[in-house]
1. For Glu140, state whether it is farther than 25 Å from Gln341 by Cα and at pLDDT below 95.
2. So Asn200 fits all but one of (1) surrounded by fewer than 18 Cβ atoms within 10 Å (Cβ to Cβ); (2) more than 19 Å from Ile148 (Cα to Cα); (3) modelled with pLDDT of 95 or more; what number is the exception?
3. How many residues, within region 68-97, are part of a strand (DSSP E or B), hydroxyl-bearing (Ser, Thr, Tyr) and either on the phi > 0 side of the Ramachandran plot or open to solvent by 10 Å² or more (accessible area, probe 1.4 Å) (or both)?
4. Can you give me the ranges of the strands (runs of 3 or more DSSP E) entirely in region 224-342 with at least 1 residues that are basic (Lys, Arg)?
Amino acid sequence: MILSRGGFRQTLFAAIALFAGVASAPARSAGSASVEPIEVSARPITEFRIGRTDKQFGSLEFVGGLEMTSKSRDFGALSAFRFLKAGSDFIGVADTGYWFFGTVARDADRRPVGIQNFRMQQMVDQGGQPIDEKWEVDAEGLAVKDGIATVGFERNHRVAQFRIDPQNMKAPYRQLDFLVPARELRQNRGFETVTHANPNGQHQGGLVVVSEKSLDKSGNIYAAIIEGPHKGVFTVKRNGDFDITDGAFLPDGDLLLLERSFTMAGGLKMRLRRIYGESVEKGAVADGPVLLDADMGYQIDNMEGLDVWTRDDGAVMVSMVSDDNHSILQRNLYLEFVLHQD
């Protein structure tokens, strides 16, 4: 059977999805984990919906994006990122066990035009040696606050904290109790969302974690507030066949979740869902409306990372990155939107 370009891509993605849980990390050299400067080429994306010039998608306005490539075999598998400086300098984790850092370059109209000063460093053990076992460094979620990076790992499920030093990231200095019973976490469906709640809200900036697809008996997704005055386990209502890949709190206290779906019938999709902040509490089932749906008719890929930040003009911004699984059939994307408040 002859497939269209989109159908061919979707069928191949199915094969990738089947083996995503056992994909191997890129080859590494022995020795210490030095910082590796990497040249990243970026092609600007000016249209979110392919072949259309629409900018407005519900409450989200597309600003621009980048398709990122590099000759480095370590580049890719970008699972989560957070801005250290709003809209500019960032830190991230790759699920192959790497930290990455860089800067989003912009034009005079604030649109993203490139990636500068990109570098990667392999995660290390307590002795400072690179960790080669994928099981130990499948980093999926990331939160940043006061010079501390909190990372959610799956397979060997844990939430660990690191002191941020872009020139020399060391081993974690502590691990946190994630409250959800470990037996309830599926091997490759652990904490993809690690984020700090609104500092002025009921959880006073405490950490919140949400799993990708670890379900309770009612089919809802396990999550927990693991810091603050109201710690406890809650769940997120599973909506359709979407799994959660990242999240961040909005300035008004609501939780914005990035979700992904792949089926043979429907292909690859991404979604943004706004979870009511008051439903993020111990024992509750959190839920909220969908803000954005996109399929392969849009500039998306395996969307895994999300951050929310405030631009210098006060606009609330939503940025996303994709994980290419180190596959030539997928892309590393950066997408950026303004979220217009009602």
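The values are calculated or read from the model by the stated rules, or taken from the named source; none is laboratory data. Here the structure is a predicted model, which is why all the values come from computation and not from measurement. With ideal geometry, Cβ positions are generated from the backbone for all residues, glycine too; neighbour counts draw on all protein chains shown. Heads up: the accessible areas ignore ligands, DNA and RNA and are worked out on the full protein's heavy atoms, side chains in. Shrake-Rupley method; radii C 1.70, N 1.55, O 1.52, S 1.80 Å.
1. Numbers: farther than 25 Å from Gln341 by Cα: yes; at pLDDT below 95: no.
Criteria not met by Glu140.
2. (3)
3. Adding up the residues that qualify gives 1.
4. Counting at least 1 such residues, we get 255-263, 267-275.
Yes or no, residue by residue, for (1) open to solvent by less than 10 Å² (accessible area, probe 1.4 Å); (2) at negative phi:
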{"site": "Gly240", "(1), (2)": "no, no"}
{"site": "Asp254", "(1), (2)": "no, yes"}
{"site": "Arg260", "(1), (2)": "no, yes"}
{"site": "Met264", "(1), (2)": "no, yes"}
{"site": "Leu268", "(1), (2)": "yes, yes"}
{"site": "Leu272", "(1), (2)": "yes, yes"}
{"site": "Asp287", "(1), (2)": "no, yes"}
{"site": "Val290", "(1), (2)": "no, yes"}
{"site": "Gln299", "(1), (2)": "no, yes"}
